[in-house]
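Peer 1: Before we start, here is the structure in question, set down as structure tokens.
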Amino acid sequence: MGSLIPFPDLNSFPDPTTTTATATIIPKLEPKLEPFDDPQPGFTQPLNSIPNPNPNHSPQTPLDETNVYSEFNRISELFRTAFAKQNVDVPNPSADDVVDPNPLAIVAVPDQNNQVAVVPPKRRHQPRSSELVRVLDLGLDDQRYFRDLVRKTRMIYDSLRVFAEEKRRALGLERRTAARGDLKAATVMRDRGLWLNRDKRIVGSIPGVYVGDLFFFRMELCVVGLHGQSQAGIDYVTASHSSNGEPIATSVIVSGGYEDDEDAGDVIIYTGHGGQDKTHSRQCAHQKLEGGNLGLERSMHYGIEVRVIRGMRYAGSPSGKVYVYDGLYRIFYSWFDVGKSGFGVYKFKLVRMENQPEMGSSVLRLAKSLRTEPLSVRPVGYVSLDISMNKENVPVLLYNDIDSEHDPMYFEYIAAVVFPPHVYQGGNGNGCDCISGCTDDCLCTSKNGGEFAYDQNGILIRGKPLIFECGTNCRCPPSCRNRVSQNGVRNRFEVFRSRETGWGVRSLDLIQAGSFICEYAGVVLTREQAQLFTMNGDSLVYPNRFADRWTEWGDLSQIFSDYVRPEHPSIPPLDFAMDVSRMRNVACYISHSSSPNVLVQLVLYDHNNLLFPHIMLFAMENIPPLRELSIDYGVADEWTGKLRILFWGCSTLRFQVGVYIALEASRRILLFLLDEEASAELFNSSWQALPGCKEFAEENSLSLEVDKSAIEVWVGIGKAGIARAYCRVASGKTMLFNFAFSCDMAE
């Protein structure tokens, strides 16, 4: 269990006057507030519209009684979440309602306005706490809890922002800055008490926020508690709220807004605020050692680290900018200097602390280089610059700098799923008559319950059981807002070899939450066909096992008391499988996670057979470049855990500890049924006969046992002459884990 460590009384520290720079008599100037994100020129939000921050810090002195804070907050949040869910009435749709493949037969248009009409009374939001604490010793469960809490909070923010922007567009308020969706979302969440970390002012890392996390809006930083100022670049506890009457800084935003800033990555020369011309971003007067400037100097004096968030322009961002959390920095020096404009400025030397993940801003720069010159950046490791062979809109790269595996090269790449011919026999049905694009009252909108599935930028507004996109019988152009997933991949993906996941997928582009990623493609099989293929051991994916993560995207039940999860259009349970043993696409290499960043959304557009929808993937959060994609396959973690590849001297044998995901299966399979002891003995004798297996087991004191809870264990030979098998390994006396091995075999 993690603990919250309060800071000691700063009055017990050395006399602050001994380290403070010599005072200079200069006129008092109002510090210049950093501008909001670009899309709202001329807008200035009053400082008191968002509660001002008030932090404080202390050395790491563990106190047993403070463990109660973390547990109390955790239980309170769980109770509040569970209680909220009880108020949401989610009827269970019946499959009998939707078996007719004619989409007009299932058009149900509930009054969507009523779903979000009742708003709970506003809570009287309390000012931000000035009590400084540091979160220490978080266990694995606590880390997962806080990460999930941050992810859900950000998901609510994104969903509410998109919802507010759509309402703003419908009312024709696009030009009004005050109605912006990001500001509205933050205000509503604050009024509902959904902002995080307001009961304590955290010094150091924020639980649940990782180095490299990306944000498109300044207000989202306030929502998660990473930076509490809506405009100012320095977040600090004011002197009036500090325990010893001195301001203490906790975070800064480095955005290049001051001409005297110097940013070398790990070392930053940060210029204090104040004295800047609001029009030309140049110094026009001397700065003063007060407010945030004094807070930084006091943080340096007491050895308090600060969080650094870098803001930069980024093409494709909805705000025109992106804010990257780059970790913790210590302030080593502060001095008063003459700036480039001839006026005095306070400067602070910030040095990044060691043993932190790579800076997110560095990853952004690396990804940008890889998008244009991959071989120059990585001369070794690329197996193919496009395994799709031009079948996707953009290349799909294959990278492996770990071993000699080239398995993805042996599959035929398909960009879309292959349905059986009978799926199309019902025709494509009716289409809309929209010429320039679908309107609010067109036929395709009514199919989706009377509302658009996507916003103007192609972002999924909220998840649905099924989405009808415009099809071949519709007159609208390919640019129609209701044609998103059918237009294919837009981001540059890289299939990569990993010691943790075997094969994984990451993007070279920043993926915005709610954006389309790709289709999950394979050859669709009926239930009867799937049973035959299973006996042959081919790799099958069952879409009905994917977790219903679409229900989380756009879930505003904590905002609107009468929110009802979308039920229309509804579909019967999926009863087909996809064979990916010969033909597949990039999605088949995405890893499993119980906390995924990708969701599955069912879509129809090229036929009207409700039993065979397309399996489309959308981002659940802002996914930074080079961060691995993950899906919830809907199976227990013990069977879909990460792979860890171990190597040793034997040149013909490779062992893999972890679960060998079925997608990596070979083409030809020898199946061992383990319902009889004789089968188990047959399997044990078979694997021991393979070169090097028995010797390795004896050398490493491994006893291999057949897993009686599993019905089958199989060995298969693939195109590369590789044999694979499943079994259970007992390592020592305490651990049981799944084990897969492969070795070269003669055909």
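Peer 1: Hey, among 380, 423, 394, 495, which residue is crowded, with 20+ Cβ neighbours inside 10 Å and either of a type in the set (A, V, I, L, M, F, W, C) or over 30 Å from residue 172 (Cα atoms) (or both)?
Peer 2: 495
Peer 1: Another question, if that's okay. Counting only residues that are part of a loop (DSSP other than H, G, I, E, B) and out of contact with any helix residue (DSSP H, G or I) (no Cβ under 8 Å at 6 or more places or on another chain), which one in segment 435-454 is modelled with the highest pLDDT?
Peer 2: Checked segment 435-454; the qualifying residue modelled with the highest pLDDT is 453.
Peer 1: Continuing with this model, one more query. So in segment 346-377, with the set limited to residues that are touching a Leu at 6+ places or on another chain (Cβ under 9 Å) and of a type in the set (Val, Ile, Thr), which one is surrounded by the most Cβ atoms within 10 Å (Cβ to Cβ)?
Peer 2: 363
Peer 1: Still on this model: So if I check each of 404, 384, which one is among the polar types (S, T, N, Q), on the phi < 0 side of the Ramachandran plot and out of contact with any strand residue (DSSP E or B) (no Cβ under 7 Å at 6 or more places or on another chain)?
Peer 2: Details: 384 fails: out of contact with any strand residue (DSSP E or B) (no Cβ under 7 Å at 6 or more places or on another chain).
Being among the polar types (S, T, N, Q), on the phi < 0 side of the Ramachandran plot and out of contact with any strand residue (DSSP E or B) (no Cβ under 7 Å at 6 or more places or on another chain) holds for just one of 404, 384, which is 404.
Peer 1: Inspect all residues belonging to segment 525-542 and state whether any of them is of a type in the set (A, V, I, L, M, F, W, C) and in contact with a Gly (Cβ under 9 Å, 6 or more places away or on another chain). Please lay out each step first, then the result.
Peer 2: To start, the set of residues in segment 525-542 that are of a type in the set (A, V, I, L, M, F, W, C) comprises 525, 530, 532-533, 535, 540-541.
Add one more test, that the residue is in contact with a Gly (Cβ under 9 Å, 6 or more places away or on another chain), and what stays is 540-541.
Checked segment 525-542: at least one residue is of a type in the set (A, V, I, L, M, F, W, C) and in contact with a Gly (Cβ under 9 Å, 6 or more places away or on another chain).
Peer 1: OK, next. Restricting attention to segment 313-331, does a residue exist that is out of contact with any Phe, Trp or Tyr (no Cβ under 6 Å at 6 or more places or on another chain), among the aromatic types (Phe, Trp, Tyr) and over 18 Å from residue 292 (Cβ atoms)?
Peer 2: Yes, segment 313-331 contains at least one residue that is out of contact with any Phe, Trp or Tyr (no Cβ under 6 Å at 6 or more places or on another chain), among the aromatic types (Phe, Trp, Tyr) and over 18 Å from residue 292 (Cβ atoms).
Peer 1: Right, residue 391: touching a residue at least 24 places away in the same chain (Cβ under 8 Å), charged (D, E, K, R) and part of a loop (DSSP other than H, G, I, E, B) or not?
Peer 2: yes
Peer 1: Now, a different point. Given the condition touching a strand residue (DSSP E or B) at 6+ places or on another chain (Cβ under 6 Å), among the small types (Gly, Ala, Ser) and under 20 Å from residue 482 (Cα atoms), answer yes or no: does some residue in segment 354-374 qualify?
Peer 2: Scanning segment 354-374, I find no residue that is touching a strand residue (DSSP E or B) at 6+ places or on another chain (Cβ under 6 Å), among the small types (Gly, Ala, Ser) and under 20 Å from residue 482 (Cα atoms), so the answer is no.
Peer 1: Select, from 610, 599, 617, 629, the only residue that is modelled with pLDDT of 90 or more and over 29 Å from residue 511 (Cα atoms).
Peer 2: Only one candidate passes the filter, namely 610.
Peer 1: Taking segment 271-310 only, how many residues are free of Cβ contacts under 8 Å to residues at least 60 places away in the same chain and part of a strand (DSSP E or B)?
Peer 2: The qualifying residues number 3.
Peer 1: Only one of 386, 407 is touching a residue at least 60 places away in the same chain (Cβ under 8 Å) and assigned by TED's automatic domain parsing to the domain that holds residue 492. Can you tell me which?
Peer 2: Exactly one of 386, 407 is touching a residue at least 60 places away in the same chain (Cβ under 8 Å) and assigned by TED's automatic domain parsing to the domain that holds residue 492, namely 407.
Peer 1: Go through segment 541-573 and give me each residue that's of a type outside the set (A, V, I, L, M), touching a strand residue (DSSP E or B) at 6+ places or on another chain (Cβ under 8 Å), over 17 Å from residue 161 (Cα atoms) and surrounded by 18 or more Cβ atoms within 10 Å (Cβ to Cβ).
Peer 2: 543, 546, 549, 550, 569
Peer 1: Now for a different question. How many residues does segment 239-250 contain that are over 34 Å from the mean Cα position of the chain (by Cα) and modelled with pLDDT of 85 or more?
Peer 2: The initial filter retains those residues of segment 239-250 that are over 34 Å from the mean Cα position of the chain (by Cα), namely 239-247.
Next, only the ones that are modelled with pLDDT of 85 or more stay: 246-247.
Adding up the residues that qualify gives 2.
Peer 1: If only one of 223, 252 is assigned to a strand (DSSP E or B), of a type outside the set (Gly, Ala, Ser), in the same structural domain as residue 185 (by TED's automatic domain parsing) and in contact (Cβ under 8 Å) with a residue 12 or more places away in the chain, which one is it?
Peer 2: Matching residue, one of 223, 252: 252.
Peer 1: When residues of segment 569-610 are filtered for being hydroxyl-bearing (Ser, Thr, Tyr) and outside any loop (DSSP other than H, G, I, E, B), how many remain?
Peer 2: 2
Peer 1: Of everything in segment 498-519, what is in contact with a helix residue (DSSP H, G or I) (Cβ under 7 Å, 6 or more places away or on another chain), crowded, with 22+ Cβ neighbours inside 10 Å and closer than 18 Å to residue 584 by Cβ? Give them in sequence order.
Peer 2: 502, 505, 518, 519
Peer 1: Just to verify a result, which residue in segment 167-182, among those that are under 30 Å from the mean Cα position of the chain (by Cα) and charged (D, E, K, R), is modelled with the highest pLDDT?
Peer 2: 182
Peer 1: Then there's this: Please verify whether segment 455-474 includes one or more residues that are part of a loop (DSSP other than H, G, I, E, B), of a type in the set (Ser, Thr, Tyr) and free of Cβ contacts under 8 Å to residues at least 12 places away in the same chain.
Peer 2: Checking segment 455-474: not a single residue is part of a loop (DSSP other than H, G, I, E, B), of a type in the set (Ser, Thr, Tyr) and free of Cβ contacts under 8 Å to residues at least 12 places away in the same chain.
The values are calculated or read from the model by the stated rules, or taken from the named source; none is laboratory data. Just so it is clear, the structure is predicted and the values come from calculations on it, not from any experiment. Positions of Cβ are generated from backbone atoms using ideal geometry, with glycine treated the same way; all protein chains shown enter the neighbour counts.
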